[in-house]
Amino acid sequence: MKMSEFIYNLPEEKIAKFPPEVRGTTNLLVLDRKDGSLDHKKYFNIPEYIQPGDVVVLNETKVEKRRTFFLTANERKLEVLFLNRIGDGRWYCLIKGSRYVKPGDILKGEEDENIKIKISERSNMGFLVEPMAEEGEKIFDKIGHTPIPPYMKRPDTKEDYVRYNTVFARLLGSVAAPTASLNLTDEILAQIQQKGAKIVKVELKVGWGTFAPIREENIEEHDIHKEEIAISVESAEIINQAKRTGKKVWAFGTTVARTLETVSNEKGLVEEYSGETQLYIYPGYTWKCVDHLVTNFHMPDSSLILLVSSFAGTEFIKRAYQEALDNGYKFLSYGDSMLII
């Protein structure tokens with residue numbers, strides 16, 4: 001299967017650069033897989049589709065302020081994005097302007113010169129970095145910025161730390177948001193529970209790999225990124241009860257979908273798990289647990305557009321994306337959403 005089949009033209013003006021004024025008021029394109037219909041709704045209409053006994057699954061990860069700015073010895077400004085903390089206290093980081101640093105260099109914080117990091121060694125596309133005198137989390141508190149996606153092409157604001165996190169975000173560890181849930185509000189969640197549905201939480205720590213483009217023309221050759229996931233015994237039991245009684249499981253976001261499909265068996269039942277996933281979902285994949293999916297509109301060269309094409313069908317997704325473009329929908333993280341039923 002060729003990646004070129006999934007490429008579409010995304011004009012710059014169609015990308016949402018800022019969040020909506022009010023959560024939950026964005027557009028919602030409803031894709032009905034049974035009859036192939038498309039319906040234009042609003043995000044706050046989602047509870048209308050959820051039935052008593054259904055289970056809504058959310059990713060309660062929280063985005064940290066892991067984008068930082070440091071200065072080299074000759075005062076050159078570099079952007080350092082902290083991705084993963086490894087066992088010995090060092091961090092794996094991506095550095096913009098990496099040609100200006102080498103192992104052994106010490107960088108000082110642009111906003112606080114008392115905060116310093118040491119470049120330990122190169123590693124894959126980035127570097128292993130050792131915080132000096134300060135723990136990594138304190139660096140984020142003092143000089144960290146919300147790592148909004150690079151396609152927004154703007155500095156982050158104080159508002160981004162609130163709006164680039166869900167209202168139920170709790171577990172620190174992500175560098176990108178589970179964007180399908182950014183428009184959920186306490187009121188919408190209350191309406192879902194009033195319908196007699198249950199809400200459960202899982203965790204997937206969203207990494208920078210979620211933005212990594214697929215470079216291979218043959219999509220089967222792509223090496224999908226790893227991410228940390230966790231699902232509790234309690235969440236698994238609630239989901240399994242719904243599956244056994246014929247109720248539906250709603251995944252709010254591709255991160256939830258990836259988590260559930262990783263831990264499910266052929267009958268769609270899930271089990272407690274804490275570890276990594278490297279599940280790669282693209283057309284031809286057999287879905288086991290997820291019945292309905294809420295998701296945003298994704299980049300044309302991403303693994304995420306392959307995932308949603310697998311769920312809804314490639315031609316249906318192409319038609320839906322064109323419908324959204326023709327009707328003024330906004331795309332990507334702060335944009336509008338799809339409900340695939």
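Out of Ser302, Ser337, I need the residue that is at pLDDT below 95, of a type in the set (S, T, N, Q) and out of contact with any Asp or Glu (no Cβ under 6 Å at 6 or more places or on another chain). Which one? Reasoning before the result, please.
Working: Ser337 fails: at pLDDT below 95.
Checking each option against the conditions leaves just Ser302.
Rundown of residues vs (1) in a loop (DSSP other than H, G, I, E, B); (2) polar (S, T, N, Q); (3) touching a helix residue (DSSP H, G or I) at 6+ places or on another chain (Cβ under 6 Å), yes/no style:
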| residue | (1), (2), (3) |
| --- | --- |
| Leu184 | yes, no, no |
| Ala190 | no, no, no |
| Lys201 | no, no, no |
| Ile214 | yes, no, yes |
| Asp223 | yes, no, no |
| Glu228 | no, no, no |
| Gln241 | no, yes, no |
| Lys247 | yes, no, no |
| Thr259 | no, yes, no |
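Among the residues of the stretch 126-151, count how many are assigned to a loop (DSSP other than H, G, I, E, B) and either at pLDDT 95 or above or touching a Ser or Thr at 6+ places or on another chain (Cβ under 9 Å) (or both). Spell out how you get there, then give the answer.
Taking the stretch 126-151 and keeping what is assigned to a loop (DSSP other than H, G, I, E, B), we get 133-135, 144, 146-149.
Among the residues that remain, those that are also either at pLDDT 95 or above or touching a Ser or Thr at 6+ places or on another chain (Cβ under 9 Å) (or both) are: 144, 146-149.
Result for the stretch 126-151: 5.
Hey, Lys108 hits all of (1) assigned by TED's automatic domain parsing to the domain that holds Phe311; (2) charged (D, E, K, R); (3) in a strand (DSSP E or B) but one; which does it fall short on?
Against the list (1) assigned by TED's automatic domain parsing to the domain that holds Phe311; (2) charged (D, E, K, R); (3) in a strand (DSSP E or B), Lys108 comes up short only on (1).
Could you figure out which of (1) assigned to a helix (DSSP H, G or I); (2) under 30 Å from Cys93 (Cα atoms) isn't true of Glu234?
Among (1) assigned to a helix (DSSP H, G or I); (2) under 30 Å from Cys93 (Cα atoms), Glu234 violates only (2).
Residue by residue, here is whether (1) at negative phi; (2) touching a residue at least 60 places away in the same chain (Cβ under 8 Å) holds:
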| position | (1), (2) |
| --- | --- |
| Phe18 | yes, yes |
| Gly24 | no, yes |
| Val30 | yes, yes |
| Leu38 | yes, yes |
| Phe44 | yes, yes |
| Glu48 | yes, no |
| Pro52 | yes, yes |
| Val55 | yes, yes |
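Quick one: count up the residues across the stretch 181-229 that are small (Gly, Ala, Ser), closer than 21 Å to Met152 by Cα and touching a residue at least 40 places away in the same chain (Cβ under 8 Å).
Here the count works out to 3.
Spot the failing condition for Asn218; the list is (1) of a type outside the set (A, V, I, L, M, F, W, C); (2) surrounded by fewer than 19 Cβ atoms within 10 Å (Cβ to Cβ); (3) touching a Gly at 6+ places or on another chain (Cβ under 9 Å), and only one is missed.
Here Asn218 meets the rest and fails (3).
Suppose we filter Val175, Val202 for residues that are within 22 Å of Ile305 (Cβ to Cβ), under 14 Å from the mean Cα position of the chain (by Cα) and either at pLDDT 95 or above or β-branched (Val, Ile, Thr) (or both); which single one remains?
Numbers: Val202 fails: within 22 Å of Ile305 (Cβ to Cβ).
Result: Val175 is the single residue among Val175, Val202 that is within 22 Å of Ile305 (Cβ to Cβ), under 14 Å from the mean Cα position of the chain (by Cα) and either at pLDDT 95 or above or β-branched (Val, Ile, Thr) (or both).
Limited to the stretch 75-100, what total is found for residues that are in contact with a Phe, Trp or Tyr (Cβ under 7 Å, 6 or more places away or on another chain) and in a loop (DSSP other than H, G, I, E, B)?
Of the residues in the stretch 75-100, 2 are in contact with a Phe, Trp or Tyr (Cβ under 7 Å, 6 or more places away or on another chain) and in a loop (DSSP other than H, G, I, E, B).
Are any of the residues in the stretch 32-52 at pLDDT 95 or above, in a loop (DSSP other than H, G, I, E, B), basic (Lys, Arg) and buried (at least 18 other Cβ atoms within 10 Å of the Cβ)?
No, that holds for no residue.
Scan the stretch 275-293 for residues that are over 21 Å from Ile214 (Cα atoms), among the small types (Gly, Ala, Ser) and more than 18 Å from the chain's Cα centre (by Cα) and report the count. Before the answer, list the steps.
Applying the first criterion (over 21 Å from Ile214 (Cα atoms)) to the stretch 275-293 yields 275, 286-293.
When the remaining residues are screened for being among the small types (Gly, Ala, Ser), the result is 275.
Going one step further and asking which of them are more than 18 Å from the chain's Cα centre (by Cα), we end up with none.
Number of matching residues: 0.
The rows are residues; the columns are (1) surrounded by fewer than 18 Cβ atoms within 10 Å (Cβ to Cβ); (2) of a type in the set (D, E, K, R).
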residue: Asn74; (1), (2): yes, no
residue: Arg90; (1), (2): no, yes
residue: Ile95; (1), (2): no, no
residue: Tyr100; (1), (2): yes, no
residue: Ile115; (1), (2): no, no
residue: Met132; (1), (2): yes, no
residue: Pro147; (1), (2): no, no
residue: Lys153; (1), (2): yes, yes
residue: Glu159; (1), (2): yes, yes
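Can you name every residue in the stretch 290-341 that is surrounded by fewer than 22 Cβ atoms within 10 Å (Cβ to Cβ), in contact (Cβ under 8 Å) with a residue 40 or more places away in the chain, of a type in the set (D, E, K, R) and closer than 15 Å to Asp39 by Cβ?
Arg319, Glu323, listed by residue number.
The values are calculated or read from the model by the stated rules, or taken from the named source; none is laboratory data. From a predicted model like this one, the values you see are computed outputs, not experimental measurements. As a convention, Cβ positions derive from the backbone with ideal geometry for all residues, glycine included, and neighbour counts pool all protein chains shown.
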